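The structure appears below as structure tokens.
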Amino acid sequence: QVQLVESGGGLVQAGGSLRLSCAASGRTFSNYAMGWFRQPPGKEREFLASISTSSNTYYTDSAKGRFNISRDNAKNTVYLQMNSLKPEDTAVYSCAASELRKSYYDTRRDYPYWGQGTQVTVSS
């Protein structure tokens, strides 16, 4: 069991950067793979990036080169650094945790634990 709380969202201009944080509590954080998803207004939730317990990372094409996922096990926190933001990046961003042991975690069914989400709005 793990509880997740996202923070760091807000309003940013196109081309700017944001760093989202996801603080975890509960069972040993280092045993969970972590992922980031987003849900634009009126659209379905989509996968962005994952990081395994051994810090192997995986990105969708839309996130690759602009977004970076990382984790700090000492702080029980996973991060999503977002650069070169575009208006189409506007969405509610959520982190998720998985107890599965896989090479990567890219689907919603991989993650039984979810945070509440944080709003990111990118203005033009």
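The values are calculated or read from the model by the stated rules, or taken from the named source; none is laboratory data. Fair warning: this is a prediction, and the values are worked out from it, not measured in the lab. For neighbour counting, all protein chains shown are included, and Cβ atoms are generated from backbone atoms with ideal geometry for every residue, glycine included. Just the protein is used for accessible areas: all its heavy atoms, side chains included, with ligands, DNA and RNA removed. Shrake-Rupley method; radii C 1.70, N 1.55, O 1.52, S 1.80 Å.
The fraction of accessible area contributed by carbon and sulfur in the range 28-115 is 42 percent, rounded to a whole number (1.4 Å probe; ligands and nucleic acids excluded).
Expressed as a fraction of 2.2 N^0.38 Å, the C-alpha radius of gyration for the range 56-97 is 1.25.
Translational diffusion of the range 76-124, estimated by Stokes-Einstein from the Kirkwood radius over alpha carbon pairs at 4 °C in a medium of 1.567 mPa s, is 102 µm² per second.
Using a simple spin-label model with pseudo-atoms 7 Å out from Cα toward Cβ, residue 101 and residue 84 lie 3.7 nm apart.
In the distance distribution for the chain, Cα-Cα pairs more than 21 Å apart total 30 percent. A straight line joining the Cα centroids of the range 64-124 and the range 1-20 runs 9 Å. Taking 7 Å steps out from each Cα toward its Cβ at residue 44 and residue 108 produces label points 0.7 nm apart.
Solvent exposure of the range 26-87 amounts to 50 Å² per residue of accessible area, where only protein heavy atoms count and the probe is 1.4 Å. Shape analysis of the range 6-48 yields a ratio of the Cα radius of gyration to the Kirkwood radius, Rg/Rh, of 1.04.
Charged neighbours of residue 120, selected by a Cβ distance under 15 Å, balance to +2 (K, R count +1; D, E count -1).
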